[in-house]
Amino acid sequence: MKPSRFSYAAPTSVEEAVSLLAEYGDDAKVIAGGQSLLPIMNMRLATPRLLVDINQIPGQDQILTNGGIRIGALVRQSAAERSTDLLTAAPIFGPALRYVGHAGIRTRGTVCGSLAHADPAAELPAVMLALGATIEATGKGGVRNIPAEEFFAGFLTTSLGSDELVTGVKIPLPSRNARSAFLEMARRHGDFALVGVAAVVEVEGGTVTAARIALSGVADRPVLANEAARILVGSDPTDVKVLEEVGQAAAATLSPPTDVHGSGQYRAQVASVLVRRAIAAAILGERGQA
Ligand SMILES: Cc1cc2nc3c(=O)[nH]c(=O)nc-3n(C[C@H](O)[C@H](O)[C@H](O)COP(=O)(O)OP(=O)(O)OC[C@H]3O[C@@H](n4cnc5c(N)ncnc54)[C@H](O)[C@@H]3O)c2cc1C
């Protein structure tokens with residue numbers, strides 16, 4: 001199928017883009033990499049009157065890692081995957097990005113586009129939750145910094161206003177004691193996750209001092225497994241019984257969707273196992289056979 005008719009604008013500044021978004025409201029759509037928007041437009045699930053192409057706005061393709069991480073709106077997923085600065089500061093991006101579609105998709109797709117698209121089974125939104133990221137939104141009223149927990153508001157839905165552009169994502173530098181892992185189960189490599197788990201665990205003297213565990217594919221948005229993290233903190237993360245309990249606690253709070261790819265019950269069981277394995281992988285630096 002072909003998209004319905006639309007007009008096209010390629011602003012050269014954030015201010016110009018925001019003005020267009022404010023003028024057209026819900027009739028406008030931002031296009032970054034186009035890897036999610038164009039299929040949706042071709043299926044006529046989105047029929048914007050105006051496409052606001054942000055690719056001509058300079059300075060949006062930077063990854064900064066000084067004092068904190070900042071990923072600009074036009075950083076391609078492939079550029080993030082190749083950034084040694086980013087992978088040194090937050091190694092979880094390495095395995096998580098390799099699960100995002102295929103190389104060709106990551107060449108065009110942007111990190112921030114994946115966040116704005118807010119697919120509940122996508123990898124990067126869960127990573128941002130686990131890292132305690134903040135999404136920078138720029139609109140007519142100025143800049144808002146939205147914690148990832150508040151940004152993802154439902155299926156393909158965010159708390160962005162219709163005049164707001166995501167201009168970057170900011171991530172606090174993980175502590176030197178932080179260990180992380182990203183694991184997922186999908187029907188084929190490159191598919192969206194049936195269940196994905198991003199785990200960031202801080203360990204001192206053999207005891208967990210902080211933990212953030214985020215899951216994708218199990219609800220209408222990425223979710224934090226807060227009760228599981230609470231059990232893990234203060235525990236020995238190499239204790240198999242602790243890992244079992246943490247995995248079960250993560251699954252107990254979920255009511256995952258049932259669809260043609262798997263039942264909710266199956267997804268909950270997979271979540272329990274993957275949480276356990278992700279923590280083991282983070283701690284032991286292996287792919288998690290716990
Ligand atoms: C075959 C295929 C397989 C895929 N597999 C996966 C997968 O396994 N995991 C995964 O996570 N993704 C997958 N994707 C999606 C891919 O990661 C997209 O690149 C990503 O979801 C969107 O990024 P984009 O830059 O292409 O955004 P676009 O497609 O340009 O935009 C997506 C949405 O976000 C909005 N948007 C984009 N940028 C901004 C911004 N800066 N501010 C405000 N709104 C914005 C757009 O208006 C639109 O609504 C797949 C895509 C394809 C085609």
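About its Cα centre, the dipole of the chain is roughly 640 debye, where the only charges are +1 on Lys and Arg Cβ and -1 on Asp and Glu Cβ. Directionally averaged projected area (the range 178-284, Cα convex hull): 6.1 nm². Take the Cα of R230, step 7 Å toward its Cβ, do the same at H102, and the gap between the two points is 4.5 nm. Between the alpha-carbon centres of the range 213-246 and the range 60-98 there is a gap of 25 Å. Each of A137, T88, S162 was placed along the dipole of the chain (beta-carbon charges, centred on the mean Cα), and the one lying farthest toward the positive end is T88. Accessible surface computed residue by residue for the range 186-290, with neighbouring protein chains in place and a 1.4 Å probe, gives 47 Å² per residue. Placing dummy labels 7 Å off each Cα toward the beta-carbon, the span from S7 to L87 is 4.4 nm. Within the range 4-67, the proportion of C-alpha pairs whose separation exceeds 16 Å stands at 48%.
The angle separating the long axis of helix 240-252 from the principal Cα axis of greatest extent in the chain is about 40 degrees. If you look at the Cα atoms of the chain, you get an Rg and a Dmax of 19.0, 61 Å. Computed from point charges on the beta carbon alone (+1 for Lys and Arg, -1 for Asp and Glu), the dipole magnitude for the range 63-171 about its Cα centre is near 320 Debye.
In degrees from 0 to 90, rounded to the nearest 10, what is the angle of the helix 14-24 Cα long axis to the longest principal axis of the chain? Here the helix axis deviates by roughly 70 degrees. Using the 1.4 Å probe convention, the accessible area of the range 54-120 works out to 41 Å² per residue with neighbouring protein chains retained.
For the chain, the longest principal axis of the C-alpha atoms and the axis of helix 264-284 are separated by about 70°. Shape of the range 48-120 from its Cα gyration tensor (a ≥ b ≥ c, root eigenvalues): rounded if a/c is under 1.5, otherwise prolate when a/b > b/c, or oblate? Oblate. Please return the longest range in the chain lying between exposed loop sites, taking trypsin sites (Lys or Arg not before Pro), DSSP loop only, at most 13 other beta-carbon atoms within 10 Å, and leaving the sites out. Here the longest run is 189-286.
State the answer as a single residue: which of I54, N66, A122 lies farthest towards the positive end of the charge dipole of the range 12-126, with beta carbon charges of +1 for Lys and Arg and -1 for Asp and Glu, about the Cα centre. Of the candidates, A122 comes out farthest on the positive side.
Other residues with beta-carbon under 11 Å from the beta-carbon of I146 carry, at +1 per Lys or Arg and -1 per Asp or Glu, a net charge of -2. Placing +1 on each Lys and Arg Cβ and -1 on each Asp and Glu Cβ, with no other charges, gives the range 1-102 a dipole about its Cα centre of roughly 440 debye.
Which percent of the accessible area of the chain is formed by carbon and sulfur heavy atoms (probe 1.4 angstrom)? That share works out to 50 percent.
The values are calculated or read from the model by the stated rules, or taken from the named source; none is laboratory data. Note that the structure is predicted; figures quoted are calculated from it, not measured. When we count neighbours, we look across all protein chains shown, and the Cβ atoms used for this are built from the backbone with ideal geometry, even at glycine. Only protein heavy atoms, including side chains, enter the accessible area calculation; ligands, DNA and RNA are left aside. Shrake-Rupley method; radii C 1.70, N 1.55, O 1.52, S 1.80 Å.
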